[in-house]
Amino acid sequence: MTPLKTISIAEASSRHWDVIVIGAGPAGAVAAYQLGRSGLQALLIERKIFPRYKVCGGCLNQRAVNTLTEVGLGGVLDDLKAVPLDQFQIRYQGRELQIPLPGGLAVSRSALDVELTRMALESGVSFLSETAALVCGDSHPGQTRMVELFQQGALCGTARASVILVADGLGHPSLQNCEEFESVVSQDSRIGVGVLLPGGQIQDYPAGTIHMAIHKHGYVGLARVEEGQLNIAAAMDRSFIKQQQSPTGAVVRILQESGFPIPPAIGEQNLKGTIPLTRKTVRPVAHRLILVGDAAGYLEPFTGEGMSNAISEGIAAASILPRGLHDWEQSLEQEWLQVHQTLTMQRLHWCRWLAQLLRSPTAIGVGLRLFRWFPGIARPIVASLNH
Ligand SMILES: Cc1cc2nc3c(=O)[nH]c(=O)nc-3n(C[C@H](O)[C@H](O)[C@H](O)COP(=O)(O)OP(=O)(O)OC[C@H]3O[C@@H](n4cnc5c(N)ncnc54)[C@H](O)[C@@H]3O)c2cc1C
């Protein structure tokens, strides 16, 4: 894999950018790609070195696949040999439910995020890797916003832009100096953990299905991605992980109790974790600043809504913000609030409902029975999450 070409801090600091995009996950990389295609001077900043592992189920729903294809990024999914999905298999205490999926693809985030970023660079965007950006708190209504740039924890420079797109994921770490974006974690918030296992020795878990083990203390999703690898991602109560003495112990317990086989060698893996997932949604816009994807609010994902929303918001923001480069008007902020509401908040309805259902053993039992007796009721829910 050819490494991504990055610019130096000195170069990043010496220019005035039209847009600085913070974070090269799906939201940031796709937004940057669109900005580059529009001919804007955009700088994409990523704190990690790519390829990097990211806790995620790796399942793109049909809406995400369609959106990527519409903007010319469908070829990335073909090149990566993303695995087509057609079934959602749920198990709870040995009971099973299968729901057909209207499409979707499974691909590892280590591979996907590199290729989306590569496409952004090909569209003319500059990339600053292994650099954490911190948005300066001062938001007086000037023409410019500024970020501080950190490498290995040390302040190395600053960069300026007309608009900043914050796509840095859960808890929007680049906004920690901006009081109005203070992140409030829910008391009962779960944390995410995950691992990508090499496919060689694993016989179970056929490709094409999202396998989901459900438990009152969390859920574990498993899906085959490219090259037969098995992607495992879980969201679990923090107290349960403590009780099981490790994230691996908690994942194994949920798989056992729901009736799924335990993938060989999982015990030898160091599962990666996230910060607490559920957070109070913040106002996703401020003066010359737009928040997209998980940075704007976390969406508990079931069949690939997280990346789908991140991608849609990235594209929408890239089409709106060029109008604010010179004169940033309040009406633009109102417009973004409206777009965010339509693209994301309405979808939260089903995700929140399902998340609550999955926290109550009685409700899970009743829900599974209902879905089994009346399979037709699952379809509109899955369809609404996929379109
Ligand atoms: C357990 C679990 C399973 C999931 N499964 C799925 C699934 O199957 N399908 C799905 O669609 N979604 C799933 N999601 C949700 C999905 O991972 C997110 O919704 C998605 O990654 C959001 O994309 P994003 O671009 O907004 O943020 P991210 O993907 O989090 O990307 C943010 C990027 O910003 C970088 N960054 C952070 N801070 C800074 C900084 N200060 N400066 C520079 N860079 C910075 C990070 O390194 C990262 O690369 C899952 C989530 C969890 C926790």
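A few remarks follow.
- Region 265-293 versus region 154-199: alpha-carbon centroid distance in Å: 6
- The chain: relative contact order in percent, alpha carbon pairs under 8 Å with at least 6 residues between: 22
- Computed E for TRP373/SER186 - FRET, C-beta separation, R0 41 angstrom, nearest 0.05: 0.80
- Relative packing of peptides 60-71, 34-45, 189-200 - highest average C-beta neighbours within 10 Å first: 34-45, 60-71, 189-200
- The phi-based Karplus calculation (6.51 cos²θ - 1.76 cosθ + 1.60; θ = phi - 60°) puts the 3J(HN,Hα) values of region 59-69 at 9, 8, 6, 4, 4, 5, 4, 4, 5, 4, 5 Hz, whole numbers, x for Gly and Pro.
- Shown are PHE150, PHE260, whose ranking by accessible area with a 1.4 Å probe and every protein chain present, most to least, is PHE150, PHE260.
- In the frame of its principal axes, the chain has Cα extents of 60, 41, 40 Å, reported largest first.
- Each residue, GLN245 and ASP78, gets one label point 7 Å from its Cα in the Cβ direction; the gap between the two is 5.1 nm.
- Long-range amide H partners of CYS156 with built H, under 5 Å: LEU149, PHE150, GLN151
- The apolar share of the surface of the chain, taken as the fraction of accessible area on carbon and sulfur atoms (1.4 Å probe, ligands and nucleic acids excluded), comes to 52 percent.
- Straight-distance crosslink candidates among aspartates and glutamates, where the alpha carbon sits under 18 Å from LYS242 and sequence neighbours closer than 8 are dropped: ASP188, GLU257
- Solvent exposure of the chain amounts to 42 Å² per residue of accessible area, where only protein heavy atoms count and the probe is 1.4 Å.
- Distance between the modelled labels on GLU329 and ARG359, one decimal in nanometres: 4.2 nm (7 Å Cα→Cβ projection).
The values are calculated or read from the model by the stated rules, or taken from the named source; none is laboratory data. Keep in mind that what you see is a predicted model, and the values were worked out from it rather than measured. So basically every Cβ, Gly included, is an ideal-geometry build from the backbone, and we count neighbours across all protein chains shown. Calculation scope for accessible area: heavy atoms of the full protein, side chains included, ligands and nucleic acids excluded. Shrake-Rupley method; radii C 1.70, N 1.55, O 1.52, S 1.80 Å.
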